[in-house]
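Please read the structure below before turning to the comments.
None of the figures in this text is laboratory data; all of them are computed from the coordinates on show. Since the model is a prediction, treat every value here as computed from it, not as a measurement. Positions of Cβ are generated from backbone atoms using ideal geometry, with glycine treated the same way; all protein chains shown enter the neighbour counts.
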Amino acid sequence: MQKIRLLVFVCCFSLIAFSQETMRNTASIGAGGGFPSGGWRTDGFSNSPSFSASYEFRIFKYLAAEGAVVNMLPNVNEGGEFVDLIARERVTLLSFGARGILPLRQGRIELFAGAGAAHLFTSDFYLSSFDAPSWIYQVNTGGRVALDHRHHFWVGPTVRFYRDGGRPTEEWVSLTGDFGVRF
């Protein structure tokens, strides 16, 4: 019985030591570039603008759950033997995961890295065909700096890398500059 009490005490103390005191939510929007980086499914796609929105919930001081949506608008070369057709397509990646956060300079600067899964939505026929993977892996990294002394407003870059499992048939990279509000 004494060991169980000690275990409960240690677990409670650990949660207090790692918990965030205030402002556990961060909502961010960003703009930047989207890049097809590999795989035969993305051969005809060009580099494109990229727009993102994300929400982060701090579970502990150094760990957060994150959800994000990234929209890319690449041109696709759909040429045939006699006709060269370029079309604008939409690639949307809805991702969920966790990220570790390293606060620096009394919490004014934060570095982060995370991983998770992303669901692919697209207007392109070949990317949305029956044999195309709709769930792919996602890793992200970046940093941010607080703009005010109360740490409500943040800016910084985020890089996200998406890849399907096994032999890669599609890979995407998104680099955005983000503006966030913490509440």
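Amide H to amide H distances under 5 Å link residue 113 with 100, where only residues 5 or more positions off or on other chains count and H is placed in the peptide plane. Against the empirical curve 2.2 N^0.38 Å, the C-alpha radius of gyration of region 20-182 lands at a ratio of 1.14. Exposure proxy ranking for 23, 72, based on other Cβ atoms within 10 angstrom of each Cβ and starting from the fewest, stands as 23, 72. Shown in residue order for region 50-56 are the 3J(HN,Hα) couplings computed by the Karplus curve 6.51 cos²θ - 1.76 cosθ + 1.60 at θ = phi - 60°: 9, 10, 9, 9, 9, 9, 10 Hz (x for Gly and Pro). Phi angles across region 88-97 convert, under the Karplus curve 6.51 cos²θ - 1.76 cosθ + 1.60 with θ = phi - 60°, into 3J(HN,Hα) values of 8, 10, 10, 10, 10, 10, 9, 10, 9, x Hz, Gly and Pro given as x. Restricted to Cα atoms, region 133-183 shows a radius of gyration and a Dmax of 15.0, 47 angstrom.
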